[in-house]
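Enquirer: Quick one: this structure, given as structure tokens, is what I'll be asking you about.
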């Protein structure tokens with residue numbers, strides 16, 4: 001169970017880092033491309049990806065809570 005918990009927390013950290021990087025890239029894109037013809041399409045795609053990452057993080061955090069509870073019960 002401890003190994004599973006460690007794997008879940010590692011995945012959470014990876015997803016959070018990816019989300020943070022995409023948010024920073026979005027900010028740069030916003031400033032550089034907001035007047036371009038393809039800005040909206042690119043923005044929608046980026047926002048959908050960020051929304052998916054947030055959903056994955058929430059799911060992993062819920063799983064992490066359940067596993068942590070199991071680890072606590074076995075001590």
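The values are calculated or read from the model by the stated rules, or taken from the named source; none is laboratory data. Treat the numbers as computed from the prediction; the structure is a model and nothing was measured. Quick reminder, even Gly has a Cβ in these numbers, built from the backbone with ideal geometry, and neighbours come from all protein chains shown.
Enquirer: Of the residues in the range 24-48, how many are loosely packed, with under 14 Cβ neighbours inside 10 Å, in contact with a helix residue (DSSP H, G or I) (Cβ under 8 Å, 6 or more places away or on another chain) and at pLDDT 95 or above?
Expert: 2
Enquirer: Here's another thing I want to ask about it. Out of everything in the range 23-75 that is outside any helix (DSSP H, G or I) and without any contact (Cβ under 8 Å) to a residue 24 or more places away in the chain, what residue ends up being nearest to residue 3 (Cα to Cα)?
Expert: Ranking the qualifying residues of the range 23-75, first place goes to 75.
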